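J.: There's a structure below that I have some questions on.
The values are calculated or read from the model by the stated rules, or taken from the named source; none is laboratory data. Everything numeric here is computed off the predicted structure, so don't read it as measured data. Cβ: placed from backbone, ideal geometry, glycine included. Neighbour counts: every protein chain shown. Heads up: the accessible areas ignore ligands, DNA and RNA and are worked out on the full protein's heavy atoms, side chains in. Shrake-Rupley method; radii C 1.70, N 1.55, O 1.52, S 1.80 Å.
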Amino acid sequence: MTFKKTPVLLANSTFPKHKIPLKILKNTDDIICLDGAVNRLVEKNMTPSFILGDLDSILPEHRKKFSNIIIEMPDQEENDLRKALKWLDEKKCPSVFILGATGLRDDHTIANIFSILETDFKIKIKIVTDYGIFQIIREKEKVKSFKGQPVSLFTSNKQTKITTSRLKYNLNKSKLKHLYSGSLNESLSNNFIIESEKGPVLLYLAHSK
């Protein structure tokens with residue numbers, strides 16, 4: 001399976017309102033809904049390409065209407081987002097945008113965000129919310145930014161060493177003692193550099209106003 005454009009995984013939390021995720025949703029050729037996310041998508045007069053999940057929240061009429069594009073994944077050991085990412089990774093999809101992964105239940109929000117940090121998929125993942133973008137830095141990357149952009153870094157591995165340049169508070173092969181230790185930073189330029197050793201880093205970039 002190949003995708004002409006980067007596909008969107010639409011999760012079943014808050015439907016996007018900000019112009020950036022809405023533009024991503026509008027411009028993709030493939031919208032992959034996680035279970036009940038299709039209910040909100042149809043309300044917006046949009047059509048899914050696939051529907052994945054355990055199907056415990058999709059409306060019966062949508063389950064019937066879209067039966068030919070439903071891929072049922074009943075495994076209760078994983079949530080629908082991680083199952084869908086595994087499916088895309090197996091299809092050798094190079095990248096994906098995840099929308100609708102935050103809001104509603106706080107525990108689901110935390111689980112969805114850290115799902116991309118704790119998995120070892122080859123696929124390049126960006127979670128785009130109404131407030132910013134989460135993505136994974138695995139080695140060294142030059143990140144597009146703007147002066148004054150709020151930036152935060154997270155890692156669950158205390159042995160991970162992080163080096164940055166062109167941030168307000170730069171790190172030099174630094175280990176984060178706590179999950180919050182790399183938060184509330186700021187970009188000083190239209191780009192900055194992050195280098196990670198011994199583990200991935202979860203990067204958060206806030207949208208411009």
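J.: In the set SER189, SER156, which member is hydroxyl-bearing (Ser, Thr, Tyr), assigned to a loop (DSSP other than H, G, I, E, B), open to solvent by 40 Å² or more (accessible area, probe 1.4 Å) and at negative phi?
T.: Criteria check complete, one pass: SER156.
J.: What are the residue pairs meeting all of these: first residue in the stretch 109-136, first residue without any contact (Cβ under 8 Å) to a residue 40 or more places away in the chain and of a type in the set (Gly, Ala, Ser), second residue assigned to a helix (DSSP H, G or I) and open to solvent by less than 40 Å² (accessible area, probe 1.4 Å), Cβ atoms under 9 Å, and 6 or more apart or on different chains?
T.: That search, which allows pairs on different chains as well, returns ALA111/LEU81; SER115/LEU81; SER115/LEU85.
J.: Any idea which residue in the stretch 72-85 is surrounded by the most Cβ atoms within 10 Å (Cβ to Cβ), counting only those that are in contact with a helix residue (DSSP H, G or I) (Cβ under 7 Å, 6 or more places away or on another chain) and within 19 Å of ILE98 (Cα to Cα)?
T.: This residue is LEU81.
J.: Could you list, in sequence order, the residues of the stretch 168-209 that are modelled with pLDDT of 95 or more, within 19 Å of the chain's Cα centre (by Cα) and aliphatic (A, V, I, L, M)?
T.: Answer for the stretch 168-209, where residues must be modelled with pLDDT of 95 or more, within 19 Å of the chain's Cα centre (by Cα) and aliphatic (A, V, I, L, M): ILE194, VAL201, LEU202, LEU203, LEU205, ALA206.
J.: In the stretch 163-175, how many residues are more than 12 Å from PHE192 (Cβ to Cβ) and open to solvent by less than 70 Å² (accessible area, probe 1.4 Å)?
T.: Matching residues across the stretch 163-175 total 1.
J.: Looking at (1) at pLDDT below 90; (2) buried (at least 21 other Cβ atoms within 10 Å of the Cβ), which is the only condition SER115 fails?
T.: All conditions are met except number (2).
J.: If you check LEU104 against the conditions, is it touching a Ser or Thr at 6+ places or on another chain (Cβ under 9 Å), open to solvent by 20 Å² or more (accessible area, probe 1.4 Å) and either farther than 30 Å from ILE194 by Cβ or not basic (Lys, Arg) (or both)?
T.: yes
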